[in-house]
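Scroll down for the structure; my scribbles are underneath it.
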Amino acid sequence: MQRAQVVKLDRGYPLVRCDDGALVRCEHATALVKGEEVRAVIGDFVEVDVPEGHDKGIIASILPRTRAFVRKDPTERALPQVLAANFDRVFVAQPLADVNARRLERELVLAYETGALVTVVLTKADLAEDEAHVAEVRDRVRALVGPDVQTLVVSENDPASVEAVRDLVPRNTTAVLLGKSGVGKSSLVNMLVGSDIQETTPVRDDGKGRHTTVSREMVPIPGGGFMVDMPGVRGLGLWEADAGIGAAFSDVEEIAESCRFRDCRHVDEPGCAVRAAVEAGEISKERFASYRVLKQETADLRERREEARRMRGEKASDRKGGKGRARRKR
């Protein structure tokens, strides 16, 4: 039995790198997946057995994770789905010319929930109209994400902007690159590596890319750590996201501490400091609407999970230990 790390997941079997450097294709032990869907994800440290005469290694166990990127299963089931594990930073990528503020807020909630360092990367800056456009979008995004989150602008024509990203992935660290299809994640990885290791396709007439990455892989950055380019994640359902929402909307939650009632829902309760801040223009109506949608989504999911738990005859005390509280980090 030897220790290894999952370094690639595609449509086949997981590829792991053993402590001695050997790369081995593996399958999961029957005992590991029997009774429930338990699978190793990209970044997981595992214990692997390579039986003599067997053409694949066998993942016997998954070691405890330092952190994980978790979303709600995109099916209707109220179950968590782990997409990556044991990373140090999450880069949230958005195309500078087409920033989707609502999706960015949701991506930040999921990123904060992991407890990792969080950085926003505005890609494809070379497609911007001019420097004034770049500055306007950058300032707008910085106002949205807050002063505690570093926001970088990356252009293929500006090597220094690529180096700024590389500096945040030093040796012995792993970063996850999150963003929807076509935002330029694969192109960014290619720029960091210095060669076209990730397949990309030409930009469409509307300026948006066509995404081709279908696997998750820990890509080594020369002189640095590893970058995981997550295939375009369409579904971003929240899972146990209260701490992540609190970090992504810290301005709202700080004002909420002044509400008359501790359990204020910010709907029609008297003495609601949050609604007063919205009416005074201190919090935008759009941001407050996003906050309420995300909070309600989390509450609805929690109710569904509790109902499912009651139907199984379980008690809340039967749940396993939770995660640490998310914090705003640079």
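Key figures
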{"item": "Residue-by-residue Karplus 3J(HN,Hα) for the range 119-128, coefficients 6.51, -1.76, 1.60, Hz, glycine and proline x", "result": "9, 9, 10, 8, 8, 6, 5, 5, 8, 5"}
{"item": "Calculated FRET value between E279 and A299, using beta carbons and R₀ = 22 Å, to 0.05", "result": "0.35"}
{"item": "V228 long-range amide H proximity, modeled H, under 5 Å", "result": "A175, V176, L177, V219"}
{"item": "Cα-based Kirkwood hydrodynamic radius, the range 2-64, one decimal, Å", "result": "11.5 Å"}
{"item": "Listed pairs K56/K185; K124/K180; K8/K185; K8/K124 exceeding 20 Å between Cα atoms", "result": "K56/K185; K8/K124"}
{"item": "Heavy-atom SASA rank of R142, R17, R103 (probe 1.4 Å, accessible area, largest first)", "result": "R142, R17, R103"}
{"item": "Inter-label distance for E27 and Y13, nm, one decimal - labels placed 7 Å from Cα along Cα-to-Cβ", "result": "0.7 nm"}
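The values are calculated or read from the model by the stated rules, or taken from the named source; none is laboratory data. The shown structure was predicted, so the numbers you read here are calculated from the model rather than taken from an experiment. We place every Cβ from the backbone using ideal geometry, glycine too, and count neighbours over all the protein chains shown. The protein model used for the area step is the full one, side chains on, heavy atoms only, and it has no ligands, DNA or RNA in it. Shrake-Rupley method; radii C 1.70, N 1.55, O 1.52, S 1.80 Å.
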